Amino acid sequence: MYVAVKGGEAAIRNAHTLLADRRRGARDVPALTLEQIAEQLALAVDRVMAEGSLYDTGLAALAVKQARGDMIEAIFLLRAYRTTLPRFGYTRTIDTAAMLVERRISATYKDLPGGQLLGPTFDYTHRLLDPELAEDQEPAAPEARAADHEAMPRVSEILAQEGLIEEDGSLPEEREPGDITREPPEFPMQRDLRLQALSRGDEGFLLALGYSTQRGFGRNHPFAGEIRIGEVEVEIDVPELGFPVPLGRIRVTECQMVNQFKGSMKVPPQFTRGYGLVFGQSERKAMAMALCDRALRAGELGEDITAPAQDEEFVISHSDNVQATGFVEHLKLPHYVDFQAELGLVRQMRREYEERRAGAATERREAAE
Amino acid sequence: MTEIAQYNFAYLDEQTKRMIRRAILKAIAIPGYQVPFASREMPMPYGWGTGGVQVTASVIGPDDVLKVIDQGADDTTNAVSIRAFFQKVANVAVTTHTGDATIIQTRHRIPEERLKAGQVLVYQVPIPEPLRFLEPRETETRKMHALEEYGLMHVKLYEDIAQHGHIATTFAYPVKVEGRYVMDPSPTPKFDNPKMHMSAALQLFGAGREKRIYAIPPHTRVESLDFEDHPFEVQRFADPCALCGGTDVYLDEVILDDRGGRMFVCSDTDHCEGRRAEGHRGHLAGEAVGA
């Protein structure tokens with residue numbers, strides 16, 4: 001009886017053995033390979049890399065497999081590994097204008113230098129379940145053309161030529177970009193740190209917050225100035241060499257949101273920006289991030305802070321799904337010591353309540369007599 | 001053992017330990033003050049003791065003897081898991097005996113046995129900010145601490161008295177450390193608060209998700225907040241422990257059947273076992289010995 005309320009090493013061991021068994025599922029079904037996950041569940045792998053803040057498709061695929069497809073668990077696995085890795089240095093800023101673009105769209109211009117490129121998108125598909133996919137049907141070969149070397153300037157740069165949009169944010173000379181994984185956050189936050197937090201923030205949380213701004217809770221009149229997805233070169237400065245060394249290429253999704261701004265006594269009316277950048281292919285996340293980034297600039301732009309999405313401490317403190325899931329799920333841990341304390345108090349308060357009621361009843365009876 | 005060869009002693013790399021030790025030293029220098037630190041992602045979830053684990057990992061050495069308790073017990077699942085973690089990554093000796101341990105990591109309890117000089121008690125802390133439920137913003141609460149502006153807390157305690165006739169906080173009962181900082185003792189029952197006062201042991205508090213470390217150095221004043229006409233009181237239990245007969249201890253209620261049958265037993269399992277080994281017996285000891 002007494003032992004029943006306690007856990008034990010054997011119970012934990014058995015639970016984990018059962019978990020491994022369930023993870024594998026029916027043995028007559030072939031096991032998933034990491035290549036299959038990386039190739040055919042690529043967007044799941046991308047999300048795990050983005051919110052796990054580690055660009056490694058192989059490890060992310062392993063995390064997806066180990067987590068039985070639970071995204072947040074997979075993200076957690078990747079984060080817990082990432083935190084053990086030594087920090088050799090910081091790369092140069094990636095140049096998304098030099099991106100090898102696979103998709104690029106603008107909702108603000110019908111045509112523009114570099115053109116519109118739909119790329120591999122769910123947009124305009126009819127969401128009809130495809131029975132053929134249940135079989136191993138060979139898809140048609142996609143149209144391909146050689147990458148042309150026409151410049152593909154960012155829409156924000158086109159607007160900037162006329163001075164219609166604010167300057168791209170730049171760090172003050174003396175400020176090195178911060179690192180939220182190496183310094184405890186302090187509020188109010190600098191935008192570089194805020195963008196880092198948003199970039200690894202939970203997709204669903206940012207989606208809901210971005211959506212809330214569209215519905216009037218901190219509305220910021222957004223236009224999807226540009227979304228581009230493709231590969232960029234990552235380079236690092238090696239002091240001994242005196243020139244940047246390429247480390248490889250990563251796929252990123254970038255969203256430049258163009259937002260209204262009335263201007264002020266000091267600043268003429270011009271468009272403002274919200275910015276989103278995430279690892280892999282995730283337009284939804286990049287767009288939601290851009291909406292949130294713009295909403296969180298309310299203070300800087302002299303707007304009233306009235307909505308949840310504009311509240312930096314609220315948004316950033318609750319955007320990390322690894323933190324959130326840990327704390328929500330810790331309620332599963334035993335709390336019987338504290339519950340006992342509350343139980344004692346509730347019993348005492350009920351006793352006092354009954355005594356008061358009994359006292360009042362006696363008084364009423366005496367008054368009636 | 002090859003798979004753990006990639007990890008440093010006690011899991012954290014030395015740079016991280018140095019950063020955490022600096023935070024701990026600062027915390028000891030300013031008793032009760034919450035020091036921000038660059039909390040790492042740990043291989044267990046946030047909210048499951050990552051702060052305590054990081055503090056323990058930073059202070060533990062190969063000669064230490066570690067005890068881990070959750071709800072006062074050494075054999076609760078999460079205590080078992082954390083103890084196994086340190087056995088694996090630090091290969092340290094572990095014990096369930098409070099007196100034999102050099103480091104005790106705990107969640108929700110302080111051992112009944114009086115701690116000695118040289119021992120370190122590491123608390124797992126979920127919400128380090130005692131003012132958090134009165135003011136949700138960190139920017140505000142840090143200001144309140146800086147200005148020693150604790151009126152809000154006293155108003156809350158006063159409102160309890162006005163409504164219920166007594167203070168209705170039973171755990172995580174706020175304390176004032178060395179006459180300066182109001183501190184959250186972590187969700188220990190207020191029964192344990194007096195044990196923090198002038199303790200000979202070093203008390204360290206780690207909140208991983210909230211990225212804060214704070215400390216009570218040995219022999220430091222720790223006073224539970226109260227009013228002159230409503231002095232602080234600890235919980236009292238009507239019955240002694242059903243197994244060891246202990247009276248001045250914190251008890252867990254164990255439901256025995258579906259007809260209201262219940263018994264009260266020590267929450268501190270090591271203390272209870274020690275007393276029974278000394279020959280103390282509660283009224284149900286005979287039945288439970290087999291268990």
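The values are calculated or read from the model by the stated rules, or taken from the named source; none is laboratory data. Everything numeric here is computed off the predicted structure, so don't read it as measured data. Cβ placement follows ideal geometry from the backbone for every residue including glycine, while neighbour counts extend to all protein chains displayed.
The table below lists the values:
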item	result
Meets criteria (modelled with pLDDT of 95 or more and outside any loop (DSSP other than H, G, I, E, B)) for residue B:286	no
Conditions (1) more than 27 Å from residue B:112 (Cα to Cα); (2) more than 12 Å from every other protein chain (Cβ to nearest Cβ): number failed by residue B:58	(1)
Hits in region B:201-223 - residues which are polar (S, T, N, Q) and either touching an Asp or Glu at 6+ places or on another chain (Cβ under 8 Å) or within 14 Å of chain A (Cβ to nearest Cβ) (or both)	B:220
Any chance residue B:235 is assigned to a helix (DSSP H, G or I) and within 17 Å of residue A:349 (Cα to Cα)	no
Flag for residue A:38 being out of contact with any helix residue (DSSP H, G or I) (no Cβ under 6 Å at 6 or more places or on another chain) and among the hydrophobic types (A, V, I, L, M, F, W, C)	no
Matching residues, region A:320-329, being at the interface with chain B (Cβ under 7 Å from one of its Cβ atoms) and in contact with a Lys or Arg (Cβ under 9 Å, 6 or more places away or on another chain)	A:322, A:323, A:326, A:327
Only listed residue being modelled with pLDDT of 95 or more, on the phi > 0 side of the Ramachandran plot and out of contact with any Cys (no Cβ under 8 Å at 6 or more places or on another chain), chosen from A:302, A:242, A:263, A:280	A:280
Matching residues, region B:155-171, being touching a helix residue (DSSP H, G or I) at 6+ places or on another chain (Cβ under 8 Å) and surrounded by 14 or more Cβ atoms within 10 Å (Cβ to Cβ)	B:164, B:166, B:167, B:168, B:169, B:170, B:171
Residue that is farthest from the other protein chains (Cβ to nearest Cβ), among those in region B:62-117 that are in contact with a helix residue (DSSP H, G or I) (Cβ under 8 Å, 6 or more places away or on another chain) and among the polar types (S, T, N, Q)	B:98
When residues of region A:75-125 are limited to those that are surrounded by 13 or more Cβ atoms within 10 Å (Cβ to Cβ) and charged (D, E, K, R), the one farthest from the other protein chains (Cβ to nearest Cβ)	A:104
Helices (runs of 4 or more DSSP H) contained entirely in region B:122-219, each with at least 2 residues that are within 22 Å of the chain's Cα centre (by Cα) and assigned by TED's automatic domain parsing to the domain that holds residue B:44	B:193-196
Among (1) out of contact with any Ser or Thr (no Cβ under 8 Å at 6 or more places or on another chain); (2) in the same structural domain as residue A:229 (by TED's automatic domain parsing) - the single one residue A:330 does not satisfy	(2)
Qualifying position, being over 25 Å from residue A:307 (Cβ atoms) and among the basic types (Lys, Arg), among A:251, A:215, A:194, A:200	A:251
All positions within region B:118-140 that are more than 20 Å from residue A:338 (Cα to Cα), of a type in the set (S, T, N, Q) and within 11 Å of chain A (Cβ to nearest Cβ)	B:139
Output for region A:274-296, where each listed residue is buried (at least 24 other Cβ atoms within 10 Å of the Cβ) and basic (Lys, Arg)	A:285, A:294
Residue in region B:225-239 that is surrounded by fewer than 22 Cβ atoms within 10 Å (Cβ to Cβ), of a type in the set (A, V, I, L, M), in contact with a strand residue (DSSP E or B) (Cβ under 7 Å, 6 or more places away or on another chain) and closer than 30 Å to residue B:29 by Cα present	yes
From B:227, B:237, residue being farther than 30 Å from residue B:179 by Cα, aromatic (Phe, Trp, Tyr) and either facing chain A (nearest Cβ under 9 Å) or out of contact with any Gly (no Cβ under 6 Å at 6 or more places or on another chain) (or both)	B:237
Sole residue being under 30 Å from residue A:111 (Cα atoms) and either without any contact (Cβ under 8 Å) to a residue 12 or more places away in the chain or touching a helix residue (DSSP H, G or I) at 6+ places or on another chain (Cβ under 9 Å) (or both), chosen from A:148, A:130	A:148
Check on residue B:291, touching a helix residue (DSSP H, G or I) at 6+ places or on another chain (Cβ under 6 Å), part of a loop (DSSP other than H, G, I, E, B) and at pLDDT below 95	yes
Odd one out for residue B:198, checked against (1) away from chain A (no Cβ under 12 Å); (2) in contact with a helix residue (DSSP H, G or I) (Cβ under 9 Å, 6 or more places away or on another chain); (3) not β-branched (Val, Ile, Thr)	(2)
Identity of the residue in region A:332-369, at the interface with chain B (Cβ under 7 Å from one of its Cβ atoms) and over 16 Å from residue B:191 (Cα atoms), that ends up surrounded by the fewest Cβ atoms within 10 Å (Cβ to Cβ)	A:352
Entirely in region B:1-95, the helices (runs of 4 or more DSSP H) that have 1 or more residues that are surrounded by fewer than 22 Cβ atoms within 10 Å (Cβ to Cβ) and modelled with pLDDT under 95	B:14-29, B:77-90
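To keep it simple, each residue is scored yes or no on (1) part of a loop (DSSP other than H, G, I, E, B); (2) over 21 Å from residue A:234 (Cβ atoms); (3) of a type in the set (A, V, I, L, M).
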site	(1), (2), (3)
A:254	no, no, no
A:263	yes, yes, no
A:266	yes, yes, no
A:277	no, no, yes
A:286	no, no, yes
A:289	no, no, yes
A:295	no, yes, yes
A:298	yes, yes, yes
A:306	yes, yes, no
